[in-house]
Amino acid sequence: MRSSNPVFSRRFRGNNGYAGFNAAPQAGTAAQGGNPYASNPYAQPTNPYATNPYAQGGPDLQQGYPQAPATTGRMTMDDVVMRTGMTLGTVILAAAAGWGLNVPVGIGYGAAFVAMLLGLAQSMFLRKPVPAVILAYAAFEGLFLGVVSKAFNHYAQGAPVQAVLGTMLVSVGVLIAYKTRLIRVDRRFVRFVTAALIGFVLLTMVNLLFAVFGGGDGLGLRTGWLGILVGVAGVLIGAAVLAIDFKQVEDGIQYGAPREESWFAAFGLTVSLVWIYIQMLQLVGVLNED
């Protein structure tokens with residue numbers, strides 16, 4: 001799956017796993033006086049995809065992906081920040097519209113479905129980032145968030161504000177932990193987070209099916225102490241995925257990724273932050289139950 005999130009990204013992945021984790025620098029790196037973008041400084045020599053995925057003649061070319069011309073600008077932190085600001089700004093504006101215009105819940109869930117389709121299209125089927133698709137995803141996702149946030153606010157007054165504050169605290173905490181290397185994103189970390197994420201999504205889908213066909217709260221995953229534990233687990237998984245997003249941004253800048261890759265980075269960061277907010281909102285709702 002193609003996205004700015006390395007959990008699903010083909011950009012940093014070869015047939016034998018993820019390039020870029022836990023290995024010594026290779027010949028040709030900047031430290032050895034060579035081309036700093038000629039090889040992946042983290043990959044093992046035995047890895048057939050050890051070369052920089054953004055360098056000409058690298059694995060992307062072998063897999064048929066087009067290479068950026070030598071004159072193409074490279075991704076910078078400013079690019080990532082600007083694009084992420086655009087996507088998150090679109091989410092916020094759409095959420096405000098969904099809240100203020102009293103959009104029906106059914107339309108909100110329809111917007112969530114459209115956002116999911118757009119996200120899957122950008123992640124799995126489009127070889128290059130398409131800003132229009134990413135911003136459309138952000139708009140529909142924001143509309144859904146506005147509707148669901150207002151619904152939560154009816155029975156848990158102030159829940160959206162608490163969820164926003166919680167999302168901000170988690171994001172800052174993950175960034176600090178990543179920069180200080182309290183969180184080390186390596187192959188084992190990525191595999192563990194991938195397995196946890198898939199398991200969590202499957203469990204949520206099973207709970208939804210039980211709720212639809214059996215009525216009530218399904219398996220009870222969103223009520224009582226079990227709901228609190230599931231909510232905390234969802235926030236932790238989102239925080240771990242966010243750390244992997246930070247890793248990809250760092251790698252993309254280090255490897256000299258094309259500037260357009262900053263859209264993928266913005267997309268991945270937005271998806272992760274939305275996930276954390278939704279889990280926070282549900283957790284706050286459980287904690288405010290009578």
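The values are calculated or read from the model by the stated rules, or taken from the named source; none is laboratory data. Because the structure is predicted, anything quoted here is derived from the model rather than measured. A quick note on method: Cβ atoms are made from the backbone with ideal geometry, for glycine too, and the neighbour counts reach across all protein chains shown.
Condition test on Gly173, is it surrounded by fewer than 19 Cβ atoms within 10 Å (Cβ to Cβ) and without any contact (Cβ under 8 Å) to a residue 40 or more places away in the chain? When the stated conditions are applied, Gly173 does not pass them.
Give the residue, chosen from Ala159, Ala211, that is at pLDDT below 95 and over 21 Å from Ala239 (Cα atoms).
Ala211 is the lone residue from the list that is at pLDDT below 95 and over 21 Å from Ala239 (Cα atoms).
You will find that of Gly238, Gly218, Gly231, the residue that is buried (at least 18 other Cβ atoms within 10 Å of the Cβ) and either over 20 Å from the mean Cα position of the chain (by Cα) or aromatic (Phe, Trp, Tyr) (or both) is Gly218 and no other.
Only one of these is modelled with pLDDT under 95 and either under 21 Å from the mean Cα position of the chain (by Cα) or among the acidic types (Asp, Glu) (or both): Tyr109, Tyr65. Name it.
Step by step, each of Tyr109, Tyr65 is checked, and only Tyr109 is modelled with pLDDT under 95 and either under 21 Å from the mean Cα position of the chain (by Cα) or among the acidic types (Asp, Glu) (or both).
Checked against the criterion of being surrounded by fewer than 17 Cβ atoms within 10 Å (Cβ to Cβ) and assigned to a loop (DSSP other than H, G, I, E, B), the candidates Arg191, Arg184 yield just one match: Arg184. Note on region 113-160: residues that are in contact with an Asp or Glu (Cβ under 6 Å, 6 or more places away or on another chain) and either farther than 26 Å from Leu283 by Cβ or not small (Gly, Ala, Ser) (or both) amount to 1. State which residue is surrounded by the fewest Cβ atoms within 10 Å (Cβ to Cβ) when the search covers only region 70-99 and only residues that are in contact with a helix residue (DSSP H, G or I) (Cβ under 6 Å, 6 or more places away or on another chain), over 16 Å from Ser262 (Cα atoms) and of a type outside the set (S, T, N, Q). This residue is Trp99. Against the conditions (1) over 19 Å from Met86 (Cβ atoms); (2) of a type in the set (Gly, Ala, Ser); (3) at pLDDT 95 or above, Ala265 satisfies every one except (1).
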